[in-house]
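Student: One structure, as structure tokens, below. Some questions next.
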Amino acid sequence: MALDTEKREFKIIGTRPLRPDGIDKVTGRALYGADMVAPGMLEGKILRSPHAHARIVSIDASAALALQGVKAVVTASDFSEAKGELMQNILENCMAQDKALYHGHAVAAVAATSETIAKQALKLIKVDYEVLPHVTEIEDAVKPDAPVLRPDRRAKGAPEGTPANITNLSNFGHGDLEAGFAKADLIIERSFRTESTHQGYIEPHACLASMGPDGKADLWCCTQGHYAVRDMCASFLGMSLSQLRVTASEIGGGFGGKTVVFIEPVALALSRKAGKPVKMAMTREEVFKASGPTPSSLADIKIGMTKGGKITAAHAKLRFQGGAFPSGTIDLGAMCAFAAYDLEAVRAEGFNVMTNRPREAAYRAPGAPIGVYPVEALIDELCIELGLDPLDVRLLNAADKGTKSSYGPTFEAIGLKATLEAAKAHRHYNTPLGPNQGRGVSCGFWFNFGGSTSVSMSVNDDGTVAVTEGNPDIGGSRASVGMMAAEELGIPYENIRTIVADTNSIGFNDPTHGSRVTFSVGLATIEAARDAIKKMCTRVAKIWDIDPDAVMWEDGHARPAGENAGNYEPMSLAEIAAIASKTGGPIAGHYEVNADSAGVSFGVHLADIEVDPETGFSTVLRYTVFQDAGKAIHPAYVEGQMQGGAAQGIGWAMNEEYIYGKDGLLQNAGFLDYRIPVASDLPPIEAVILEIPNPGHPYGVRGVGETAIVPPLAAVSNAVSRAIGKRMRALPMSPPKILKVIKG
Amino acid sequence: MNKIHVTTTVNGDPVEYLCEPQETLLDVLRNQLRLTGAKEGCGTGDCGACSVTLNGRLVCSCLVLAAEAGGQEVATVEGIADGDNLHILQKKILEHAALQCGVCTPGILVAAKALLEKHPDPTEVEARYWLAGNLCRCTGYDKIITAVMDAAAEMRGA
Amino acid sequence: MQYAAPKSVQDAVELLAGEAGVAHVLAGGTDVLVQMKMGMVEPDLLVDIKHITRLKDITAEAGGFRIGAAVSGAELGEHAGVGTLWPGVVEAVELIGSTQVQGRATMAGNLCNASPAGDSVPAMAAAGAVARIAGPDGTRDCLVADIPTAPGRTSLGNGEFITSIFLPARPENASDAYLRFIPRTEMDIAVASAAVSLEFDTEGKCSAATVILGAVGPTILNVNADCLLGTTLDDAALEALAAACSATAIPIDDKRGTAEFRKDVVGVLAKRAAKIAQTRAGVTS
Amino acid sequence: MVKVTIWGSLRAATDGAAEVEVEAQNFKQVMSELERNYPGLQAQIAAGASLAIDGKIYREAWFTPVYPDSEVVLMPFMVGG
């Protein structure tokens, strides 16, 4: 599975063919979560808590059930007991048990013959709440008298005196901090703050569930991982995995937010109770209130530096709130905070605290943006204080092959230095700035994962090939998978059709997350192709009556090799396929793996920003992304990941935030006031792909999807700070905050 | 129920439907006419995923009542291609890889088509402002704008 | 809920006045349909006024223009005459929402929604626009500035609705401008806004000034802009204007911005809008 | 014996040791020995933990070999977005 050592000339890899699902997506034919119907289908709707924190004394659904057209009402008692704390948390987040833990927490659900009737029925469900004191901010949640959400979720093994809402403790690093700081010429310590953001996928969660009286069920839903959906739903409904078949619809964005379930088990429970298919779709308001935003954070960062720019010691104290349940994202934030640097003394520690907010979900490199932002912002401040170039300082301290990372392991070949050098040499970095303009620099890091993956591949009689994989295509992966299959088999890309199969059709696949698909599915596709090739060579060896090892595969043909070379006319894949039934039956290849060796990824971003000194309005003038892709299979979609991640990070830095009132209620549950960037907010985003091959993949692929959201927070913050000549230390940098700092 | 009988034209074809007074054009397009190309991303006119034209005028179909469409000409993403022949905009969106998840793409196409019909030679900034009501969370808009500008150039040349 | 699409003003008035429950006018629908979706209003009757022919017309009248209540922002923007006469009003209307919203939203609807942040309202008020109102007791005219009385409330009586808005003639050497502040470039509600309408004498000195602020109080606010009179809008006059605006503003802190920010920025907007109006009036300082 | 680096917040379970030694030839044996020798680690390992072996992160790969000179780091269970 390691990088093919022979230097190979790719024919298809690195080109930009059209994506196979493209025509469906430009003509409106592609079917997303809410686009499916079933005969006799009911509409499901969820009743949500109007309170931030309340004990549910009783739920009386009798009036709702009496309404004509209402077929079922479900509450927490309609679900099985989930196994393990994580699954219990996910289930409780889908449907409140004894307490509503946040504004918008699901309390009950109804299925009716129309959406109008379902909405009327929600109003008829009487919930008796005992309103409890609430807490939504980190500072308040750790106070001794703070309302405690779930006493049983306090961090296990936490030291005496740890506040009851603290669920996770984190601590990474090495070396002697005290000695390190003693070597510094300048030590700066600052505090930073970020707010919760949302993935902001344009497609709200939607599904269609159908369970028959025999207990077998089908579920259609938009998800990043339908196997994970199956496993969670089956657990919550007390079903075996084989009883539930999940089909992933086309997915309208996820960015991590569709790796967990919200409405899917509820739709199944309603369908079970009503005996009919049930369709559910969240409204946008529900998406904001009750899906999974990111943690908000507080950070205290202390870094020591020599006059020459060498970091002598670095210490981060991070505090995340991840909503009403435990969250391990603090670990990822702490691990990523200093990962870009080769440090002798480094420590990143922190905790997660529960608040009356929705349970956080992954968002593109979860934890990394808010772990890295304060570090990169403080490094910029040190550079200014010491009169040093911010790229030079990063190059001086950059992690490289053999560096003991800040989170423990030693790096293999990585591309950070090459990426920094590319940024330094780029014309963007060498273009002069005008008045009220600033240029920000930031590095970013993400681990990338592999994970369980299954791919199978059937060679059709006419020489075309059907590739079956199990990862929802969220950004063009059918194209990259098809390209890798075509490359390996030596047949035209157009002769491949790649489909994303349901959970019954192919082995388990981890979700489309962790930047894993091009890496893992690609790896499995290449290996499945090699499996099919091996079978084809064996068939041809029988035809030629020579040893299978004497048949080689080249350019889509079986050719005699070695001493037999030239003795037989090569046979094309199509020729072999046409006679498959005569030579032993259908030909297929498959590969199942838990892929490791994903290869970490680094990015460097440059942002030029102009600030209106009288209003604090910021304009992003120019933006360039430099990232190591290992090997870009379809460069246009690699660029797309880099540009899209940058845009999301810019939104995070500038205007996006969850705003809770003192009443604990979410105030901006809509796209109007949760301000994601619109087309006119952004400049062209230049994407510069570097290719430092990942030794763990046959073609050298590294995941690219997540890293690009990590650097923008600090790149934008550093640019704004340089433009106004004062330091910004809180996100989002909405104009009122910038103007306040300007007026100082 | 007090349903309203509506006679209208969708993508050039005569269409009749019965709708409830509060139902939106988006509801009827998707649920009755099974034209699911227009998506409900927000239901409040903030995302543009449900964009259609009404007598040539770009609107959010979530902010039009189905009852209002009577006697009008509705055009949706399903009507942009001419049979098997993709519109230049559709081709350019594909060529430039200007979609990732694709859920905003129908709205972008309807809006961009309306733009180029009104302004065949837009500047990049004009294109960005015209499309500001079409949220895309995947692409950062870069490739979308490139595709629209490229399509505009080709349409002017054609 | 009932939906009605009357063909005459009289029919519309009768429907609105005759509804015992909650009746709403449906023009562009970009506010009322959103409010229905969010469950903020639950009308028993929606009266669609777009089938009343005259209400879709823009007509020249007494040197100014009468704009039907069902004219959308896009239609108004395409009308050359109005944009020449009152560029500030047209730019304000065109700032409401996206291109899609422009295809539907109307000035009269923006006015009747009675949000203090409505973009067209300060500009119309600065222009001295007059709303024509039809109702059970016949037709009356009312200054646009007198329509909104509080957030979400208007001075319209039961059964009354606006049929048109009249933008009057304007003298030589005069023009207007509107600026708002939003954190993004589009798709936001004004955090603060200022409309400025100026007249100049033959020497290029300001002879009349109306400055109206939006989103910094429960309704639009009229600023005493005497500091501009007799000046060529020199820096001192503009700073005085900014100070007057900040002093007049009585904003609140909310999710869209702080009171402090709004007070500061509304003055900046006013002075910038004044310079734009001056340039448009053909006056060089 | 293989040296395993333990991340900071788990060191309460290893009497404060940042590095512990276990007798193991592969991933699974490392995890089993850690659980056996340091019962305080059981909850974390059950909830999810990865191992970085010579710089590569493995989430669930029982038979991945480890050698006496391998760099082995216990890490949280990796997820992504």
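The values are calculated or read from the model by the stated rules, or taken from the named source; none is laboratory data. Please read these numbers as outputs of a predicted model, since none were measured by experiment. Glycine gets a Cβ as well: all are built from the backbone with ideal geometry, and neighbour counts include every protein chain shown.
Student: Would you mind stating whether A:A96 is assigned to a loop (DSSP other than H, G, I, E, B), in contact with a strand residue (DSSP E or B) (Cβ under 8 Å, 6 or more places away or on another chain) and surrounded by 17 or more Cβ atoms within 10 Å (Cβ to Cβ)?
Tutor: Details: assigned to a loop (DSSP other than H, G, I, E, B): yes; in contact with a strand residue (DSSP E or B) (Cβ under 8 Å, 6 or more places away or on another chain): yes; surrounded by 17 or more Cβ atoms within 10 Å (Cβ to Cβ): yes.
Judged against the criteria, A:A96 is a match.
Student: When the residues of region A:576-596 are filtered to those that are assigned to a helix (DSSP H, G or I) and of a type in the set (S, T, N, Q), which remaining residue is surrounded by the most Cβ atoms within 10 Å (Cβ to Cβ)? Explain how you work it out, then say what you get.
Tutor: Within region A:576-596, the first condition is being assigned to a helix (DSSP H, G or I), and the residues that meet it are A:576-578, A:580-583.
Checking the rest, the ones that are also of a type in the set (S, T, N, Q) come to A:581, A:583.
On the way: A:S581: 11, A:T583: 16.
Applying the filter and picking the extreme gives A:T583.
Student: Could you grab me the full set of residues in region A:660-674 that are in contact (Cβ under 8 Å) with a residue 40 or more places away in the chain and closer than 16 Å to A:F288 by Cα?
Tutor: First pass over region A:660-674, keeping only residues in contact (Cβ under 8 Å) with a residue 40 or more places away in the chain: A:660, A:663-666, A:668-671, A:674.
Residues satisfying the conditions are A:Y660, A:G664, A:L665, A:L666, A:N668, A:A669, A:G670, A:F671, A:Y674.
Student: Only one residue in A:A550, A:A578, A:A565, A:A524 is of a type in the set (A, V, I, L, M, F, W, C) and touching a Gly at 6+ places or on another chain (Cβ under 6 Å). Which one?
Tutor: Details: A:A578 fails: touching a Gly at 6+ places or on another chain (Cβ under 6 Å); A:A565 fails: touching a Gly at 6+ places or on another chain (Cβ under 6 Å); A:A524 fails: touching a Gly at 6+ places or on another chain (Cβ under 6 Å).
Testing whether each residue is of a type in the set (A, V, I, L, M, F, W, C) and touching a Gly at 6+ places or on another chain (Cβ under 6 Å) leaves just A:A550.
Student: Looking only at helices (runs of 4 or more DSSP H) that fall completely inside region C:25-131, which ones have 1 or more residues that are among the acidic types (D, E), more than 14 Å from the chain's Cα centre (by Cα) and at the interface with chain B (Cβ under 10 Å from one of its Cβ atoms)?
Tutor: Working: elements: C:32-37, C:73-78, C:80-85, C:87-94, C:99-102, C:107-112, C:120-126.
The helices (runs of 4 or more DSSP H) meeting that bar are C:73-78.
Student: Report every pair of residues separated by at least 6 positions or lying on different chains whose Cβ atoms are under 6 Å apart, first residue within region A:364-393 and under 30 Å from A:G703 (Cα atoms) and surrounded by fewer than 24 Cβ atoms within 10 Å (Cβ to Cβ), second basic (K, R) and at pLDDT 95 or above.
Tutor: Every condition considered, the pairs that remain are A:L391/A:K424.
Student: Sticking with this structure for a sec: It is to be established whether one or more residues within region D:49-60 are assigned to a strand (DSSP E or B), of a type in the set (S, T, Y) and more than 7 Å from chain A (Cβ to nearest Cβ).
Tutor: Going through region D:49-60, the residues assigned to a strand (DSSP E or B) turn out to be D:49-53, D:56-58.
From the residues that got through so far, the ones that are of a type in the set (S, T, Y) too are D:50, D:58.
Then drop every residue that is not more than 7 Å from chain A (Cβ to nearest Cβ), which leaves D:50.
Yes, some residue in region D:49-60 is assigned to a strand (DSSP E or B), of a type in the set (S, T, Y) and more than 7 Å from chain A (Cβ to nearest Cβ).
Student: While we're looking at this one, here's another question. Which of the residues belonging to region A:651-680 are at the interface with chain B (Cβ under 8 Å from one of its Cβ atoms), in a helix (DSSP H, G or I) and crowded, with 23+ Cβ neighbours inside 10 Å?
Tutor: Matches in region A:651-680: A:A679 only.
Student: Can you tell me which residues in region A:169-204 are part of a loop (DSSP other than H, G, I, E, B), at negative phi and within 14 Å of chain D (Cβ to nearest Cβ)?
Tutor: Keep residues of region A:169-204 that are part of a loop (DSSP other than H, G, I, E, B), which gives A:175-176, A:183-185, A:195-204.
Subset that is at negative phi: A:176, A:183-185, A:195-199, A:201-204.
Residues satisfying the conditions are A:D176, A:T197, A:H198, A:Q199, A:Y201.
Student: Scan B:L135, B:L99, B:L58 and give me the residue that is within 13 Å of chain C (Cβ to nearest Cβ), in a loop (DSSP other than H, G, I, E, B) and in contact (Cβ under 8 Å) with a residue 24 or more places away in the chain. Can you show your working first?
Tutor: On the way: B:L99 fails: within 13 Å of chain C (Cβ to nearest Cβ); B:L58 fails: in a loop (DSSP other than H, G, I, E, B).
Sole residue among the options that is within 13 Å of chain C (Cβ to nearest Cβ), in a loop (DSSP other than H, G, I, E, B) and in contact (Cβ under 8 Å) with a residue 24 or more places away in the chain: B:L135.
Student: If A:K417 satisfies all but one of (1) touching a residue at least 24 places away in the same chain (Cβ under 8 Å); (2) within 26 Å of the chain's Cα centre (by Cα); (3) in a helix (DSSP H, G or I), what's the number of the condition it fails?
Tutor: Of everything listed in (1) touching a residue at least 24 places away in the same chain (Cβ under 8 Å); (2) within 26 Å of the chain's Cα centre (by Cα); (3) in a helix (DSSP H, G or I), A:K417 misses just condition (1).
Student: Restricting attention to region A:617-633, report how many residues are in contact (Cβ under 8 Å) with a residue 60 or more places away in the chain and either at positive phi or part of a strand (DSSP E or B) (or both). Full working, then the answer.
Tutor: Keep residues of region A:617-633 that are in contact (Cβ under 8 Å) with a residue 60 or more places away in the chain, which gives A:617-618, A:620-633.
From what's left, either at positive phi or part of a strand (DSSP E or B) (or both): A:618, A:620-628, A:630.
So the answer is 11.
Student: How many residues, within region D:1-42, are touching a Gly at 6+ places or on another chain (Cβ under 8 Å) and either of a type in the set (K, R) or assigned to a helix (DSSP H, G or I) (or both)?
Tutor: Summing the residues that are touching a Gly at 6+ places or on another chain (Cβ under 8 Å) and either of a type in the set (K, R) or assigned to a helix (DSSP H, G or I) (or both) in region D:1-42 gives 6.
Student: With (1) surrounded by fewer than 23 Cβ atoms within 10 Å (Cβ to Cβ); (2) under 25 Å from the mean Cα position of the chain (by Cα); (3) at the interface with another protein chain (Cβ under 10 Å from one of its Cβ atoms) as the list, and A:G644 as the residue in question, which single condition is left unmet?
Tutor: (1)
Student: Count, please, the residues in region B:67-78 that happen to be polar (S, T, N, Q), in contact with a helix residue (DSSP H, G or I) (Cβ under 9 Å, 6 or more places away or on another chain) and more than 16 Å from A:K25 (Cβ to Cβ).
Tutor: Filtering region B:67-78 for residues polar (S, T, N, Q) gives B:72, B:76.
Within this subset, residues satisfying the condition of being in contact with a helix residue (DSSP H, G or I) (Cβ under 9 Å, 6 or more places away or on another chain) are B:76.
When the remaining residues are screened for being more than 16 Å from A:K25 (Cβ to Cβ), the result is none.
Number satisfying all stated conditions: 0.
Student: With the requirement that a residue be touching a helix residue (DSSP H, G or I) at 6+ places or on another chain (Cβ under 7 Å) and assigned to a helix (DSSP H, G or I), what does region B:79-94 give you?
Tutor: B:I88, B:L89, B:Q90, B:K92, B:I93, B:L94
Student: Any residue at all in region A:259-271 that's in contact (Cβ under 8 Å) with a residue 12 or more places away in the chain, of a type in the set (F, W, Y) and within 30 Å of A:N509 (Cβ to Cβ)? Before the answer, list the steps.
Tutor: Taking region A:259-271 as the starting set, the residues that turn out to be in contact (Cβ under 8 Å) with a residue 12 or more places away in the chain are A:259-271.
The next check asks that each one be of a type in the set (F, W, Y); those that pass are A:262.
From what is left, the residues that are within 30 Å of A:N509 (Cβ to Cβ) are A:262.
Yes; the residues of region A:259-271 include at least one that is in contact (Cβ under 8 Å) with a residue 12 or more places away in the chain, of a type in the set (F, W, Y) and within 30 Å of A:N509 (Cβ to Cβ).
Student: Of all residues in region A:263-276, how many are touching a strand residue (DSSP E or B) at 6+ places or on another chain (Cβ under 8 Å) and crowded, with 24+ Cβ neighbours inside 10 Å?
Tutor: 8
Student: Which of the numbered conditions does A:A636 fail, given that it passes all the others? Conditions: (1) at the interface with another protein chain (Cβ under 9 Å from one of its Cβ atoms); (2) surrounded by fewer than 24 Cβ atoms within 10 Å (Cβ to Cβ); (3) within 19 Å of A:E285 (Cα to Cα); (4) in contact (Cβ under 8 Å) with a residue 12 or more places away in the chain.
Tutor: Just one mismatch for A:A636, condition (3).
Student: Going by what's in this entry, would D:S32 be described as touching a residue at least 60 places away in the same chain (Cβ under 8 Å) and farther than 27 Å from A:G333 by Cβ?
Tutor: Values: touching a residue at least 60 places away in the same chain (Cβ under 8 Å): no; farther than 27 Å from A:G333 by Cβ: yes.
So D:S32 fails the test.
Student: Quick one: A:L86 ticks every box in (1) more than 14 Å from chain B (Cβ to nearest Cβ); (2) without any contact (Cβ under 8 Å) to a residue 24 or more places away in the chain; (3) in a loop (DSSP other than H, G, I, E, B) bar one, so which box is it?
Tutor: Of (1) more than 14 Å from chain B (Cβ to nearest Cβ); (2) without any contact (Cβ under 8 Å) to a residue 24 or more places away in the chain; (3) in a loop (DSSP other than H, G, I, E, B), only one is false for A:L86: (3).
Student: Checking the structure you have, find out if any residue of region C:153-176 is of a type outside the set (K, R), within 21 Å of C:D253 (Cβ to Cβ) and either touching a Lys or Arg at 6+ places or on another chain (Cβ under 7 Å) or not assigned by TED's automatic domain parsing to the domain that holds C:T248 (or both). Spell out how you get there, then give the answer.
Tutor: Here is the first cut: in region C:153-176, the ones of a type outside the set (K, R) are C:154-169, C:171-176.
Next, from what is left, pick out any that are within 21 Å of C:D253 (Cβ to Cβ): none.
No: zero hits.
Student: Suppose we filter region C:51-100 for residues that are more than 24 Å from B:C60 (Cα to Cα) and among the basic types (K, R); how many remain?
Tutor: 2
Student: Mind checking which residues of region A:597-630 are within 21 Å of the chain's Cα centre (by Cα) and surrounded by fewer than 24 Cβ atoms within 10 Å (Cβ to Cβ)?
Tutor: A:S597, the sole residue that qualifies.
Student: Within region C:151-174, is even one residue at pLDDT 95 or above, at positive phi and assigned to a strand (DSSP E or B)?
Tutor: no
Student: Output the number of the condition that B:P14 fails; it satisfies all remaining conditions of (1) assigned to a strand (DSSP E or B); (2) under 27 Å from A:E203 (Cβ atoms).
Tutor: Among (1) assigned to a strand (DSSP E or B); (2) under 27 Å from A:E203 (Cβ atoms), B:P14 violates only (2).
Student: Can you name the residue in region B:108-131 that is buried (at least 24 other Cβ atoms within 10 Å of the Cβ) and facing another protein chain (nearest Cβ under 7 Å) and, of all such residues, is farthest from the chain's Cα centre (by Cα)?
Tutor: This residue is B:W130.
Student: Across region A:437-462, which residue is nearest to A:E691 (Cα to Cα) among those that are away from every other protein chain (no Cβ under 14 Å) and either polar (S, T, N, Q) or not in a strand (DSSP E or B) (or both)?
Tutor: To start, the set of residues in region A:437-462 that are away from every other protein chain (no Cβ under 14 Å) comprises A:437-443, A:454-462.
Now restrict to residues that are either polar (S, T, N, Q) or not in a strand (DSSP E or B) (or both): A:437, A:442, A:454, A:456, A:458, A:460-462.
Details: A:Q437: 32, A:S442: 20, A:S454: 26, A:S456: 28, A:S458: 32, A:N460: 35, A:D461: 37, A:D462: 36 Å.
Applying the filter and picking the extreme gives A:S442.
Student: Could you grab me the full set of residues in region A:119-167 that are modelled with pLDDT under 95 and assigned to a helix (DSSP H, G or I)?
Tutor: Residues satisfying the conditions are A:P151, A:D152, A:R153.
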